[in-house]
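Notes follow the structure.
The values are calculated or read from the model by the stated rules, or taken from the named source; none is laboratory data. No experiment lies behind these values; they were computed from the predicted model shown. Neighbour counts run over all protein chains shown; Cβ positions are idealised from the backbone, glycine included.
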Amino acid sequence: MKLFYSITFVFLLFIFSSCEDVIEVNMQTGKQALVVEGWLTNKAEPQFVKLYYTGATSENSFEMLDGAILTLSDNEGNVEILSETAPGKYQISSLKSVDGRVYTLKIESKVGNYQAVAEVKRLSMPLDSLTFKYEEKSAIYSESGFYPSSHGREYKGVGDFCQIRLYKNGKYLNQTGDFNLLDDEFVDGNYIANTELSVQKPFQKNDLAKAEIWSLTKDAYLFWTDIRTQLQNGMIFASPLSNTRTNVVKVNATAMDVVGYFGASLVQSLEKKVE
């Protein structure tokens, strides 16, 4: 798989993450690939799988793959055929993620057939509170403001992974400095207090903050680690970019090459006003 796919996919992830600020990447022409983007959760809101091609046709515009048949099933015998609500956008209507279940997404399309398998891991690090500490601008803190910390007990049993997503006044924070990935390698079974969370820009007084904690498999954790590494890979001694991992596989050999990820998580959230 060419490097072009990896750079393009990182670019696309941020366009389709409900954000207004777009990361611009100078992309060279390369072999086109299909992108599969979707995540199943237990959140009470519409969830979608998006299919589109690498390579923008114009600024922030990508060619969508319409007319595909997407079937989502779990290991308990539940099956749902997704509805295409817009070109290349397929809605999951009935299925939600359940602890311990394994979900299989099958895609039949004009460019080939594909499959992705996603397991739901327990939510092992639930948050019980969110606190903020004011810091002045310094060598450590790029701006003056309130920096968040999470608190909660990690369940006993090594091998848990999670992501914490932050929102400011309803807007998802997804810039380079906003990634928060956690594992229990050194904290198994302990109460984890005052874990300072990374933010690109600090919160200010009266901001409404929300923190969501997402359970992850190890593979999904490594997928987000890949994304974070590539976004932060601009230092003078940066390592060469590598292909972002994918759990989507081609069912037939003649199918178009594919990148992207279909995951499944349990999500818990809490909100707090910065005071």
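A compact table of results
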| read-out | value |
| --- | --- |
| Residue within the range 250-267 that is at pLDDT 95 or above, within 16 Å of the chain's Cα centre (by Cα), farther than 26 Å from ALA68 by Cβ and not small (Gly, Ala, Ser) present | yes |
| Residue satisfying all of: in the range 221-249; at pLDDT 65 or above and either aliphatic (A, V, I, L, M) or outside the structural domain of ALA116 (by TED's automatic domain parsing) (or both); farthest from ASP183 (Cα to Cα) among these | VAL249 |
| Answer residue from the range 133-153, given it is aromatic (Phe, Trp, Tyr) and surrounded by fewer than 16 Cβ atoms within 10 Å (Cβ to Cβ) and is nearest to GLN268 (Cα to Cα) among those | TYR134 |
| Hits in the range 171-229 (condition: touching a Leu at 6+ places or on another chain (Cβ under 8 Å), free of Cβ contacts under 8 Å to residues at least 40 places away in the same chain and either closer than 17 Å to LEU270 by Cα or assigned to a strand (DSSP E or B) (or both)) | LEU173, ASN180 |
| The range 98-152, residues that are in a loop (DSSP other than H, G, I, E, B), over 20 Å from the mean Cα position of the chain (by Cα) and of a type in the set (Val, Ile, Thr) | VAL111, ILE140 |
